[in-house]
Amino acid sequence: MTLMNSTIGRNGAGVYRHYITITLASKTGTGDRGQDTYTVNTIVSCFAHIEPLSGRKLELARQLVASATHEITIRYFSGVVPECVVTYQGRSFNVGAVKDLYENQYEMVLAVTEVQ
């Protein structure tokens with residue numbers, strides 16, 4: 001199986017069925033009492049594949065992010081960094097690691113931790 005066949009097979013119909021929003025808070029200044037003020041910017045809203053981690057995949061993900069609970073696969077978007085937050089149906093996930101799968105700017109895997 002070539003790389004292209006495995007990539008096409010993974011992205012078949014129904015694989016990306018979770019609609020997520022990825023945001024990033026950026027510091028905009030200082031408030032009245034010296035506290036930092038932030039603006040939350042939406043980087044992208046897109047379809048994704050969210051997978052709870054268990055077994056060997058959990059062990060491998062926790063080598064990158066010690067508290068990883070899920071893996072989110074999306075199409076490649078520039079600007080997605082480990083400080084981002086993913087929201088899906090009222091649930092929030094902190095992004096701990098971003099991996100460009102196959103290093104061809106086609107697909108990304110995010111190691112995330114669910115916020116309780």
Tell me, in nm to one decimal, what length is gained between Tyr88 and Gln35 on full extension, where the rule is 0.36 nm per residue of separation less the Cα-Cα distance? 16.2 nm
Across Ala68, Ala48, Ala25, the residue with the highest GNM fluctuation in the chain (Cα network, 10 Å cutoff) is Ala25
Plugging the Cβ-Cβ distance of Cys46 and Ala66 into 1/(1 + (r/R0)^6) at R0 = 25 Å yields, to the nearest 0.05, a FRET efficiency of 0.40
For Ile43, Ile72, what ranking results if the residue with the fewest other Cβ atoms within 10 Å of its Cβ goes first? Ile43, Ile72
Are there chymotrypsin sites (Phe, Trp or Tyr not before Pro) in the stretch 67-116 that DSSP marks as loop and that have at most 16 other Cβ atoms within 10 Å, and which are they? Tyr76, Phe77, Tyr102, Tyr106
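If you take the square roots of the eigenvalues of the alpha-carbon gyration tensor of the stretch 14-79 and sort them as a ≥ b ≥ c, do you get rounded (a/c under 1.5), prolate (a/b over b/c) or oblate? Don't skip to the end; give the middle numbers.
Numbers: a/c = 3.51, a/b = 1.68, b/c = 2.09.
It is oblate, given that a/c is not under 1.5 and a/b is not larger than b/c.
Note down the relative contact order for the stretch 3-115 as a percent, whole number, built from C-alpha pairs under 8 angstrom at least six residues apart. Walk me through the numbers before you get to the answer.
Details: 219 pairs, mean separation 26.5, N = 113.
Value for the stretch 3-115: 23 percent.
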Percent of all Cα-Cα pairs per 10 Å bin for the chain, counting from 0 up to the last occupied bin, reads 13, 40, 32, 10, 3, 1, 0
Within the chain, helix-based [θ] at 222 nm, where runs of 4 or more DSSP H residues each add -39,500 (n - 2.57), nearest 500: -4500 deg cm²/dmol
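Every number in this text was worked out from the coordinates using simple rules, so none of it is lab data. As the structure is a computational prediction, the values presented were derived from the model and not from experiment. So basically every Cβ, Gly included, is an ideal-geometry build from the backbone, and we count neighbours across all protein chains shown.
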